[in-house]
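Asks: Can you keep this structure in mind? I'll have questions shortly.
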Amino acid sequence: MTLDYDTDRYDAGGSSTTPTRKLPPSHLLDYDTGSYDAGGFSTTPPRVLPASYLITAPEIRICDEDYIPRIVLDGYKNLTYTERHRNRDSWSFEVSRHSVYAQYLIKGRIIHYVTGSSVYALIIKQIDATRDTITVSGNEYADDLLSARIALVNVQDGVGADEIQDSAETAFRHYVNGNIIEATDTYRRDPFLTLEPVDYGRGETVTISARFENLLDLCETIGSLGSIGWRSVVVDDDTKPWGWKIVMSVVEGNDLGEVV
Amino acid sequence: MSWVILSEEMGTAVLSRFVDTIPECTVAVVGGQGEAAVRTIQYVGDTTLTGIERREVFVDAKYATTADLLTTAGEKEIAANVGTVIEMQFADSLGCVYGEDFILGDIVTVDAGIYGKYDIEVVSAEINYTADKRDIIIVLGSEGTNIVRMIKDVSKNNPILRV
């Protein structure tokens, strides 16, 4: 997938079926009633939903021990995925204990969660098996990786803390980069996680001093102070033996009140 | 392997619940005495772990005056996060009687089918008496760990699991 810097979206190569959302022509919108006026041709406007509202069940691909997504899970139920702007996404689903897939659902395994044209990497953190049902749950991989690191840069140098005063995006990238992606101790790095190539300097200016804080808590603080969040998606990477990597990007919400 | 084997296949017990969770701490970064840049820091655990398997937690142990005390503080943090709990329905049989052949605190072997075999500690036993026999629900896990606590911990991290 390639990155379209105009839209901040990863382009799946023209295969996306999600149309661009457009506002209806202004003359068709009745602001008093909040309904659409069909222009005199019909008093009952047809209920039209954008194609993105069409719901298809996400696909779950279980990675093998070499991180290659080989098995497509069939027959899961009660899937719940909770997205969080500034914290760990969490998820769970159930499968029958007698399912042929049960043997592949092992804690620590990575699964790819495919919804629409986006792919997310998830980590299985808990298997809870009862007599009939296995409940599998966990977090989004990159979010969970943040929670698995603490701020260790410069804790034994200078003032004993890693300080920065810059835009929230730059601060966010600084701590993720220093404690994971280019960590001095190479064991602290991760084979999958990368940052978006360009720092846009988004968000408000923040002043942060970090010393032993959990990295997820630190990023949550930066996000709250600087009005940013983050998302991570899976993209193809032929340089990796397993063929994919995770790209973490800073996101800003839009003030939709300014549209009208 | 213990000579007490709880196994569905062998007919000695029925697996009623198996909870296996990633530990929240595999590398403890223990802070000892001193301030700022001169503070003593000791790493405890397998520091060669990498990726998502490396899960760092900071342990504040200002009281620790020796390297051994720092290590102990780190080991305690790691041990508190062992994450396998197994619940089995057990009925006394000629070959194995709870209270005689094994008791709380014993390490027994559990064959959890597709989840593998574990040598694991008996941490609780709920005994239900009926007219002519008793049914026992045995919970096995690490010391200080039980299903309720584990589920609470996971629920805290995954609010969708809250009931």
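Asks: Are there any GluC sites (Glu not before Pro) in segment B:53-108 that are in a DSSP loop and have at most 11 other Cβ atoms within 10 Å? List them by number.
Replies: Hits after loop and neighbour filter: B:GLU100.
Asks: Separate question: Please compute the contact order of segment B:1-80 in relative form: average sequence separation of alpha-carbon pairs under 8 Å and at least six residues apart, divided by the residue count, as a percent. Before the final figure, lay out each step's value.
Replies: Working: 114 pairs, mean separation 24.7, N = 80.
31 percent.
Asks: Can you sort B:ASP119, B:ASP101 so the residue with the fewest Cβ neighbours within 10 Å comes first?
Replies: B:ASP119, B:ASP101
Asks: Turning to a different aspect of this structure: Determine the percent antiparallel among the DSSP beta bridges restricted to segment A:146-252, to the nearest 5. Write down the numbers at each step before the final one.
Replies: Numbers: 15 of 18 bridges.
Counting DSSP beta bridges with both partners in segment A:146-252, the antiparallel share is about 85 percent.
Asks: Let's test the formula: R0 of 35 Å, r as the Cβ-Cβ distance of B:LYS133 and A:GLN103. What FRET efficiency results, to the nearest 0.05?
Replies: Numbers: r = 34 Å, r/R0 = 0.97.
The formula returns an efficiency of 0.55 here.
Asks: Another question about this same structure. Let a ≥ b ≥ c be the square roots of the eigenvalues of the Cα gyration tensor of segment A:146-252; is it rounded (a/c under 1.5), or, if not, prolate (a/b larger than b/c) or oblate?
Replies: Oblate is the answer for segment A:146-252, as a/c is 1.5 or above yet b/c matches or exceeds a/b.
Asks: Cut-off is 10 Å between beta-carbons; in what order do A:LEU145, A:LEU218 appear when sorted fewest neighbours first?
Replies: On the way: A:LEU145 28, A:LEU218 23.
If I rank by nearby Cβ atoms, fewest first, I get A:LEU218, A:LEU145.
Asks: Cα gyration tensor of chain B, axes a ≥ b ≥ c as square roots of the eigenvalues: rounded (a/c below 1.5), prolate (a/b > b/c) or oblate?
Replies: Working: a/c = 2.63, a/b = 2.23, b/c = 1.18.
In terms of gyration-tensor shape, prolate.
Asks: So, one more: Under a straight-distance cross-link criterion of Cα-Cα below 13 Å, which aspartates and glutamates are reachable from B:LYS62, leaving out those fewer than 8 residues away in the same chain?
Replies: B:GLU35
Asks: For labels at B:ALA36 and B:GLU53 in the simple 7 Å Cα→Cβ model, what's the distance in nm?
Replies: Taking the simple label geometry, B:ALA36 and B:GLU53 are separated by 3.9 nm.
Asks: Where Lys and Arg each count +1 and Asp and Glu each count -1, what net charge lies around B:SER7 among other residues with Cβ under 14 Å from its Cβ?
Replies: -3
Asks: For segment A:150-194, which GluC sites (Glu not before Pro) pass both filters: DSSP loop (anything but H, G, I, E, B) and at most 13 other C-beta atoms within 10 Å?
Replies: Of the GluC sites (Glu not before Pro), the ones in loops of segment A:150-194 whose Cβ has at most 13 other Cβ atoms within 10 Å are A:GLU182.
Asks: Expressed as a whole number of Å, what is the distance separating the alpha-carbon centroids of segment B:109-126 and segment B:24-63?
Replies: Cα centroid of segment B:24-63 versus Cα centroid of segment B:109-126: 31 Å apart.
Asks: Next question. For the pair A:ASN177 and B:ARG17, how long in nm is the line joining their label points, each one 7 Å along Cα→Cβ?
Replies: 4.7 nm
Asks: Using DSSP to call loops (not H, G, I, E or B), can you name the trypsin sites (Lys or Arg not before Pro) in segment B:19-63 whose Cβ has at most 12 other Cβ atoms within 10 angstrom?
Replies: On the way: sites: B:ARG39, B:ARG54, B:ARG55, B:LYS62; in loops: B:ARG39, B:ARG54, B:ARG55, B:LYS62.
Counting only loop positions with at most 12 other Cβ atoms within 10 Å, the trypsin sites (Lys or Arg not before Pro) in segment B:19-63 are B:LYS62.
Asks: Still on this structure, I have one more. Could you list B:ILE114, A:ILE123 in order of exposure, starting from the residue whose Cβ has the fewest other Cβ atoms within 10 Å?
Replies: Listing B:ILE114, A:ILE123 from fewest to most nearby Cβ atoms yields B:ILE114, A:ILE123.
Asks: Next up: For the cross-link pairs A:LYS245/B:LYS117; A:LYS77/B:LYS117; A:LYS77/A:LYS125, which exceed 25 Å when the distance is taken from alpha carbon to alpha carbon? Write down the numbers at each step before the final one.
Replies: Working: A:LYS245/B:LYS117 34 Å; A:LYS77/B:LYS117 28 Å; A:LYS77/A:LYS125 18 Å.
Pairs exceeding 25 Å: A:LYS245/B:LYS117; A:LYS77/B:LYS117.
The numbers here are math on the coordinates, done by the rules we state, and not lab data. Computed from a prediction, not measured in an experiment: that's the story for all the values here. In this analysis, Cβ positions are derived from the backbone assuming ideal geometry, glycine residues included, and neighbour counts consider all displayed protein chains.
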